[in-house]
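Each remark here refers to the structure printed beneath this line.
What follows is calculated from the coordinates using simple rules that are stated; it is not laboratory data. Treat the numbers as computed from the prediction; the structure is a model and nothing was measured. Positions of Cβ are generated from backbone atoms using ideal geometry, with glycine treated the same way; all protein chains shown enter the neighbour counts.
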Amino acid sequence: MEILYISSVPSQKEFDRMKSVVKPNVLLTTYGMNESGFKFHTLIMNGITENGHNILSLCGRSAGRSTHAGLFWKKLTEKEGAITHCHLPFINFPILKHIGIGFSFFWNTLCWQIKNRKKERGIIMDASYVSVLPFVHLACLGFKAKKTVIFCDIYDYMASVKDARENENISFVKRVAKKVTAFCYKRTDAYVFLTEQMNEVVNPYGKPYIVMEGLVDINMATKPNELQNKADGKVVMYAGAIRAQYGVKNLVDGFMDYENKDAALWIFGDGDYKTELADVSEKDSRITYFGAVPLKTVIEKELEASLMVNPRPVDKEFTKYSFPSKNMEYMASGTPILTTRLPGMPQDYYDYIYTIDGNSKEDITAALEKALGNSEEELLLMGKKAKEFVLTKKNNVAQSARILALLEV
């Protein structure tokens, strides 16, 4: 089957280049395509090719005047195995960029449809890329290729929900975007959701869907996690967006109340809480803030840690419509995970994780005391069970096969 992938996900080479030229003082978590989103879609594409299919990935790069220099961005095509990355050209100027990229998506989608009209084919789209979805749908008129959209999250312009920024007021632009997305989603053949709750708010049409809370790199099976590679003491680690809304402040406060002088807290990432975090780390020598580092470095450090932690609060509406990719990444590392009881987390995960039973810093302190009360051997055993679970049932090859099956319904 020929697959057209519509997103803002570049090749690995272009992703690294774009990160290196982000303007000073721009948060890497907000400039456009963040590390977790890039990894999520890249794993899907790699899984599709492992299932024997070819992909043309049309990419509208996440670069704007406020984040990246350069007025004219040329078309860039790269080949990675069975994936052809086509980075579309644009003028890096508001409005002109979106109009230009929209027509580029229309033209390239139309050409792909005509070229492959005698072949079995399907289209996979990132649901959040609302500015290009109408152009893609327009190019599909008169063609029979089925279209599936993937929801990595639900923002306030997609449905009547409050997103992670807790927006109370929706601007005129977002109200228009909500109308456009509803129009496009209605003309989509199937959906991929991270949680069952997503289906309730964006699929009133009862169209086919699957719940795919995440996926892990099948190649993580080759990365051993052994006691001799662990850092000294009990190391707790968090890697992701450094935002108070995601529970990072509660984690820091809860850890500071954890009375174990041999324990350490490692934090990796970028976000609006980083300045306060840097100040806190100076007051408590057990806390180390590493900043934003390459994903390869994060994975290496995960193998050294004793316990991975995700303190995301469960009393916020947006948590019903997300399943943090870091949970899957943590489990795949073989280091055990301590997480809140997220409303979108399936019950079968609870046999392989430690839980934080509440949202307060006191709840986090209690959870750390309980989890780290286990020996290093017991912690590692729990981590290995979690790794086997996700690599067997949630690997990117198996999960991508489920997406492909939707295109064949």
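Among 175-183, 103-111, what's the highest-first ranking by average C-beta atoms within 10 angstrom per residue?
Ranked by mean Cβ neighbours within 10 Å, highest first: 103-111, 175-183.
Rounded if a/c is under 1.5, else prolate if a/b is larger than b/c, else oblate: which is region 1-141, with a ≥ b ≥ c the root eigenvalues of its Cα gyration tensor? Write down the numbers at each step before the final one.
Numbers: a/c = 2.07, a/b = 1.39, b/c = 1.49.
Oblate.
Report, in deg cm²/dmol and to the nearest 500, the calculated mean residue ellipticity at 222 nm for the chain, where each DSSP H run with n ≥ 4 adds -39500 (n - 2.57) and the sum is divided by the residue count. If you can, show how the numbers build up before the last one.
On the way: 13 runs with 153 residues, N = 409.
Only helices count here, giving -11500 deg cm²/dmol.
Which part of region 118-135 falls in the paramagnetic zone of LEU141, meaning amide N under 16 Å from the point 7 Å along Cα-to-beta-carbon?
In region 118-135, the label zone of LEU141 (backbone N under 16 Å from the point 7 Å along Cα→Cβ) covers 133-135.
Using only Cα atoms and rounding to the nearest 10 degrees, what angle (0 to 90) does helix 274-283 make with the longest principal axis of the chain?
For helix 274-283, the angle is close to 10 degrees.
Under a Cβ-only charge scheme (Lys and Arg +1, Asp and Glu -1), can you give me the dipole magnitude of the chain about the Cα centre, in debye to the nearest 20?
Details: 52 positive and 48 negative charges, 504 e Å.
Roughly 2420 debye, rounded to the nearest 20.
Restricting to region 1-87, what percent of DSSP beta bridges are antiparallel, rounded to 5? Intermediate values should be presented prior to the final figure.
On the way: 6 of 17 bridges.
That works out to approximately 35 percent antiparallel.
Counting only C-alpha contacts under 8 Å and six or more residues apart, can you give the relative contact order of region 218-393 as a whole percent? Mind dumping the intermediate values first?
Values: 307 pairs, mean separation 45.7, N = 176.
The value is 26 percent.
Which listed residue (ILE44, ILE353, ALA231) has the Cα farthest towards the positive end of the charge dipole for the chain, taking +1 on Lys and Arg C-beta and -1 on Asp and Glu C-beta about the Cα centre?
Most positive-ward Cα: ILE44.
Evaluate E = 1/(1 + (r/R0)^6) for LYS223 and LYS283, where r is the Cβ-Cβ distance and R0 equals 25 Å; express this FRET efficiency to the nearest 0.05.
Values: r = 35 Å, r/R0 = 1.39.
Step by step, r from the Cβ atoms, then E = 0.10.
For a quick protection proxy, order the peptides 238-251, 352-365 by their average other-Cβ count within 10 Å, most packed first.
Numbers: 238-251: 22.8, 352-365: 18.8.
Highest to lowest by the protection proxy: 238-251, 352-365.
Kindly express, to the nearest 10 degrees and within the range 0 to 90, the angle between helix 396-407's C-alpha long axis and the longest C-alpha principal axis of the chain.
Value to nearest ten degrees: 30.
Could you work out, for region 218-393, what percent of all Cα-Cα pairs fall into each 10 Å distance bin, beginning at 0 Å and stopping at the bin that holds the largest distance?
Histogram of Cα-Cα distances, whole percents per bin: 10, 42, 39, 9, 0.
Does anyone have the angle between helix 376-393 and the longest principal axis of the chain? Alpha-carbon axes, 0 to 90°, nearest 10?
For helix 376-393, the angle is close to 20 degrees.
Taking just the C-alpha trace of the chain, give me its Rg and Dmax in Å.
21.5, 67
Quick check on the chain: of the DSSP beta bridges with both residues there, what percent are antiparallel, nearest 5%?
On the way: 8 of 54 bridges.
Roughly 15 percent of the DSSP beta bridges within the chain come out antiparallel.
Please turn the phi angles of region 193-198 into ³J(HN,Hα) values with the Karplus equation 6.51 cos²θ - 1.76 cosθ + 1.60 (θ = phi - 60°), one per residue in order, whole Hz, x for glycine and proline.
10, 7, 9, 5, 4, 4
According to a simple spin-label model (label point 7 Å from Cα along Cα-to-Cβ), what is the distance in nm between ASN260 and VAL173?
Those two pseudo-labels are separated by 4.6 nm.
Working out 0.36 nm times the residue gap between LYS296 and THR77, then minus their Cα-Cα distance, what length gain in nm do you get to one decimal? Mind dumping the intermediate values first?
Working: separation 219, 0.36 × 219 = 78.84 nm, distance 2.48 nm.
Gain on stretching LYS296 to THR77: 76.4 nm.
If you take the square roots of the eigenvalues of the alpha-carbon gyration tensor of region 326-409 and sort them as a ≥ b ≥ c, do you get rounded (a/c under 1.5), prolate (a/b over b/c) or oblate? Walk me through the intermediate numbers first.
On the way: a/c = 3.61, a/b = 1.79, b/c = 2.02.
Here region 326-409 falls in the oblate category.
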